[in-house]
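Shown next, in structure tokens, is the structure this report addresses.
The values are calculated or read from the model by the stated rules, or taken from the named source; none is laboratory data. Here the structure is a predicted model, which is why all the values come from computation and not from measurement. Quick reminder, even Gly has a Cβ in these numbers, built from the backbone with ideal geometry, and neighbours come from all protein chains shown. SASA here: full protein model, heavy atoms, side chains in, ligands and nucleic acids out. Shrake-Rupley method; radii C 1.70, N 1.55, O 1.52, S 1.80 Å.
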Amino acid sequence: MTKEERVAMGQRLRQQRNRLGLTREQFAELADIGAGYYGQIEVGTSQMSIDTLMKVARTSRLSMEYILSGEEGGETDLGSLETLLRSCTPRELRLAEKVLQLFLLRGD
């Protein structure tokens, strides 16, 4: 991975972290990685292992493909939705199911 690709990846992560309203320290704690190391990932000076990529994807609620390339997967890629649903409580899952049913019934 080139320096430019690492910087672009870090920018995508920073934008999502900001959308989530988290500081670097809060995000790193949620992802169970060091805050300094996460900061290096965001500025593009450090690469990450597959394990770290999985933690960052889960915490950021982004697909690994988007983090790495800036492109979403194919039309059947449900990775980011699955990631969101895995972090839900049973009550939140029931509510999410009801919202999705209502959305699909709307027919827009």
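Do you know which residues across the range 35-65 are of a type in the set (A, V, I, L, M) and in a helix (DSSP H, G or I)?
Ala35, Ile41, Val43, Ile50, Leu53, Met54, Val56, Ala57, Met64 - these are the residues of the range 35-65 that are of a type in the set (A, V, I, L, M) and in a helix (DSSP H, G or I).
Scan Leu104, Leu68 and give me the residue that is in contact (Cβ under 8 Å) with a residue 40 or more places away in the chain, open to solvent by 40 Å² or more (accessible area, probe 1.4 Å), part of a helix (DSSP H, G or I) and at negative phi.
Exactly one residue qualifies, and that residue is Leu68.
Of the residues that sit in the range 7-55 and are open to solvent by 50 Å² or more (accessible area, probe 1.4 Å) and hydrophobic (A, V, I, L, M, F, W, C), which one is farthest from the chain's Cα centre (by Cα)?
Filtering first and then ranking leaves Val43.
When you look at Arg61, is it under 14 Å from the mean Cα position of the chain (by Cα), more than 21 Å from Met1 (Cα to Cα) and not polar (S, T, N, Q), yes or no?
Taking the combined requirement at face value, the residue satisfies it.
Within the range 18-30, is there a residue that is on the phi > 0 side of the Ramachandran plot, part of a loop (DSSP other than H, G, I, E, B) and without any contact (Cβ under 8 Å) to a residue 12 or more places away in the chain?
Checked against the condition, which is being on the phi > 0 side of the Ramachandran plot, part of a loop (DSSP other than H, G, I, E, B) and without any contact (Cβ under 8 Å) to a residue 12 or more places away in the chain, the range 18-30 yields at least one hit.
Based on this model, can you work out whether Ala96 counts as surrounded by fewer than 16 Cβ atoms within 10 Å (Cβ to Cβ), aliphatic (A, V, I, L, M) and in contact with a helix residue (DSSP H, G or I) (Cβ under 9 Å, 6 or more places away or on another chain)? Spell out the reasoning first.
Details: surrounded by fewer than 16 Cβ atoms within 10 Å (Cβ to Cβ): yes; aliphatic (A, V, I, L, M): yes; in contact with a helix residue (DSSP H, G or I) (Cβ under 9 Å, 6 or more places away or on another chain): yes.
So Ala96 fits the description; yes.
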